[in-house]
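What follows is a single structure, written as structure tokens, with notes after it.
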């Protein structure tokens, strides 16, 4: 069984608002899939439906090929961390994890200490959860996820509130879990650069619809280099370029700047064409789009995550 | 289910506030008995230093016991409700959560009640003047109270699990267990066929039970069990069904 998570025509409606439109999604074994979308795009709702916290309005969820009554059993092989993890505020980390260890029928008592060591909370023995910083709470949430040696992690904003060092540690940890333990990961985050460093698949969601689903290779291909030229007369430059290259894909930006998405390999010829025809080229550069720029180009808007 | 109950038991054992509430109740019971004993010994013609009067306080406190039960529910299911979403994520069914929490909370509440009752019987028997049949009558009215008190407990649990606000829960409890009888009597008076329905309201039944104890002639009554069972079944079945479909996030 290669598919860990599969959804078929999944929808979610809240009164008059449709948060998830018929959504088909498959997560395959070994993938680290980043779910990317703006606030309100439907990411958390999608995660909550997968976790069973919310009921879908229609459609089906299959986990490890199981659905219906068998879903709960299959869910035990997946660890979910959706939004802020909740723990007993008056309990220490050990007590909180012990509560869940008993609940999930994990026999090995040492596992509590092992996962606390993995996330760097082993030293905080006496501190109560209510006194934890946001980053510590997130770490404990990840520790809880790891408690049952899951085959798949579903993490909604797991690095929220972590400092730079913490983010790096969690990234390394997730990479290690994926490589050494073959744990499949579905993750969302506001920090797109982190996702870029971690994921090997990128799914873009907008208004409850998956608008793009790319592998890392394809994303790199799609967000490949573009030429940025600043000239003294953009209208004339565009005219020259379009006359010389019929298939040219360009965008005129403010301040006489032109972005050319193709013909990057002909950059020298393009430059010469403009100069020889009397267009002054003030600046000529080749730039690669990062995930953030690609995301903004795809889903638009000023807020991302 | 066993694992979930074990984990909740682990949590329950570490709820200091809950244990302190129980201890406080026992101290108040002992204090009441001590006060009655003190005045009985030191005041001539003090009429209340009797086991019958002592027991009548519990018989009259049906609503208070229901509210204490609600407090136990709030402590064990209310504040910790945010953790339920994680249990659900880990594949524990809503049904297991609903019934496990009920069984555990009820078990603890019943334990507190049984200890409290034993303490009362012990203090009433050793410190206060005996009146004929007082202990027997107290046990009879206690048996009559059980289904009504439990129905209040179940209703409180169902409402708490359904995330109903505390103020609304208290209002519902007060309406059903404090004023429903009067309300029905007033509303159904014009309908001859229904004007006796108020007699089966929980508050009317609790009141009748108290009066029968005061009169010294209580009897076991099936009506307490029928009404208690009806409220309990309705609360639990509807509650469990709604909880199974509820979004928990």
> Which one of B:235, B:244 is within 14 Å of chain A (Cβ to nearest Cβ) and either part of a helix (DSSP H, G or I) or at pLDDT below 90 (or both)?
Replying inline: B:244
> Where residues in the stretch B:45-80 are within 14 Å of chain A (Cβ to nearest Cβ) and buried (at least 16 other Cβ atoms within 10 Å of the Cβ), which of them is farthest from the chain's Cα centre (by Cα)?
Replying inline: B:80
>> Take the residues in the stretch A:38-55 that are more than 17 Å from residue A:78 (Cβ to Cβ) and part of a loop (DSSP other than H, G, I, E, B); name whichever of them is nearest to the other protein chains (Cβ to nearest Cβ).
In response: A:55
> Taking the stated definitions as given, is residue B:177 in contact with a helix residue (DSSP H, G or I) (Cβ under 6 Å, 6 or more places away or on another chain), within 24 Å of residue B:208 (Cβ to Cβ), buried (at least 20 other Cβ atoms within 10 Å of the Cβ) and touching a residue at least 12 places away in the same chain (Cβ under 8 Å)?
Replying inline: yes
>> Against the condition part of a helix (DSSP H, G or I), closer than 12 Å to residue B:144 by Cβ and over 16 Å from the mean Cα position of the chain (by Cα), how does residue B:213 come out, does it pass?
In response: yes
> In the stretch A:5-37, how many are within 14 Å of chain B (Cβ to nearest Cβ) and either assigned to a loop (DSSP other than H, G, I, E, B) or under 20 Å from the mean Cα position of the chain (by Cα) (or both)?
Replying inline: 4
> Do we find that residue A:161 is surrounded by fewer than 16 Cβ atoms within 10 Å (Cβ to Cβ) and touching a helix residue (DSSP H, G or I) at 6+ places or on another chain (Cβ under 6 Å) in this structure?
Replying inline: no
>> If I ask for residues that are surrounded by fewer than 20 Cβ atoms within 10 Å (Cβ to Cβ), part of a helix (DSSP H, G or I) and in contact with a strand residue (DSSP E or B) (Cβ under 8 Å, 6 or more places away or on another chain), which ones from the stretch A:199-240 would you list?
In response: A:216, A:222, A:234, A:238
>> Every residue in the stretch B:28-44 that is surrounded by 11 or more Cβ atoms within 10 Å (Cβ to Cβ), free of Cβ contacts under 8 Å to residues at least 12 places away in the same chain and more than 16 Å from residue B:58 (Cβ to Cβ), please.
In response: B:38, B:39, B:43
>> Of the conditions (1) buried (at least 17 other Cβ atoms within 10 Å of the Cβ); (2) within 14 Å of chain A (Cβ to nearest Cβ); (3) at negative phi, residue B:91 satisfies every one except a single condition; which number is it?
In response: (3)
> Hey, any hits in the stretch B:30-40 for a residue that's within 14 Å of chain A (Cβ to nearest Cβ) and on the phi < 0 side of the Ramachandran plot?
Replying inline: no
>> Here is a check on your reading of the model: is residue B:137 touching a helix residue (DSSP H, G or I) at 6+ places or on another chain (Cβ under 9 Å) and within 30 Å of residue B:43 (Cβ to Cβ)?
In response: yes
>> Within the stretch A:139-151, does at least one residue satisfy the condition of being assigned to a loop (DSSP other than H, G, I, E, B), within 14 Å of chain B (Cβ to nearest Cβ), over 24 Å from residue B:81 (Cα atoms) and in contact with a strand residue (DSSP E or B) (Cβ under 7 Å, 6 or more places away or on another chain)?
In response: yes
> Which one is nearest to the other protein chains (Cβ to nearest Cβ) among residues in the stretch A:104-128 that are crowded, with 19+ Cβ neighbours inside 10 Å and at pLDDT 85 or above?
Replying inline: A:112
> Taking the stretch A:60-103 as the region of interest, how many residues are touching a strand residue (DSSP E or B) at 6+ places or on another chain (Cβ under 7 Å), more than 7 Å from chain B (Cβ to nearest Cβ) and in a helix (DSSP H, G or I)?
Replying inline: 2
> For the stretch B:1-20, what are the residues that are within 19 Å of residue B:67 (Cβ to Cβ) and crowded, with 16+ Cβ neighbours inside 10 Å?
Replying inline: B:15, B:18
> Is it true that some residue in the stretch A:67-82 is more than 23 Å from residue A:219 (Cβ to Cβ), under 22 Å from the mean Cα position of the chain (by Cα), exposed (fewer than 15 other Cβ atoms within 10 Å of the Cβ) and in contact (Cβ under 8 Å) with a residue 24 or more places away in the chain?
Replying inline: no
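The values are calculated or read from the model by the stated rules, or taken from the named source; none is laboratory data. Every value quoted in this text rests on a predicted model; they were computed, and no experiment measured them. All Cβ positions, glycine included, derive from the backbone under ideal geometry; neighbour counts span all protein chains shown.
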